[in-house]
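One structure is given below, encoded as structure tokens.
Just so it is clear, none of the values below were taken in a lab; they were calculated from the coordinates. Because the structure is a prediction, the values reported are computed rather than measured. Please note: Cβ atoms are built from the backbone with ideal geometry, for glycine as well, and neighbour counts cover all protein chains shown.
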Amino acid sequence: MDNTLTWVLVGVLVAAVVVGGIFLLMPKDKYIEVDGVKVWKVPNDAEIIFVDQSKALSVKTLVQKGQLIAFEGEAQGLGTTQDREKAKIRAYQKIAEFLNAKVTTFAQLVEGQLQNVQVSGSKKQEVVSASVDAYKRVTELFAEGRVSGAYEFAAWKVKRDNLVYTYVLLVYDPAQILKLIEVDALVKQKVDELGKQGVNFFENLNAVLQEATKGTPMEKK
């Protein structure tokens, strides 16, 4: 009986050692971090080639407040500077694609704000239409990579066979999107007019973009 118990204990101990060894040998998750704060999950074999230290504190604050909105772009090639630029443009395009899919959501947010303003039915539709027009223009600017409210925070490479996959992480900073007014005269005019009608254009835009954080490496870390 004692021998049986001994062998059982030995078996349990061996199993624990094996499981522990496997756990230690398994590759740990890799992240782009700022002062120990996890910003974005990357492949374990990724080579992080750039982190904008001038934006590090700002990004860290956004993460800690749960306000980080970021988009990842990818390009295949030899890992050149041109590939990195393509990846950045692709990230901008992803923002535009996301916004394009959320036009109805944006319009509903505008309608919600107008409930607190006394406007007729026809005037309300005019305001909503003008808001959507400005929204679509912002989408175009993102697609063209011309929006100052998003910046490249990090870049990394992953080698697969003979190809190098280059990735760029664009961070959307709500505080900087106000500079968009200076970029495009059409947006400036419409946003000013909407403000007089009780519509906070940027508040609605930020609310839509906040949905982009769902199901991303920010939630999976």
*asked:* Using the crude model of +1 on Lys and Arg Cβ and -1 on Asp and Glu Cβ, and no other charge, please compute the dipole size for the stretch 30-220 relative to its Cα centre, in debye to 20.
replied: 180 debye
_Where labels lie 7 Å past Cα in the beta-carbon direction, separation of GLU203 and ILE48 in nm_ = 3.7 nm
_Is the C-alpha gyration tensor of the stretch 30-220 telling us rounded, prolate or oblate? Criteria: a/c under 1.5 is rounded; beyond that, a/b larger than b/c is prolate, otherwise oblate._
prolate
*Determine the alpha carbon to alpha carbon distance for each of LYS94/LYS123; LYS88/LYS124; LYS28/LYS159; LYS65/LYS124; LYS38/LYS94 and list only those over 28 Å.*
LYS94/LYS123; LYS88/LYS124; LYS65/LYS124
*asked:* In the stretch 30-220, if the dipole is taken from +1 on Lys/Arg beta carbons and -1 on Asp/Glu beta carbons about the Cα centre, which of TRP40, LEU163, GLN113 is farthest to the positive end?
replied: TRP40
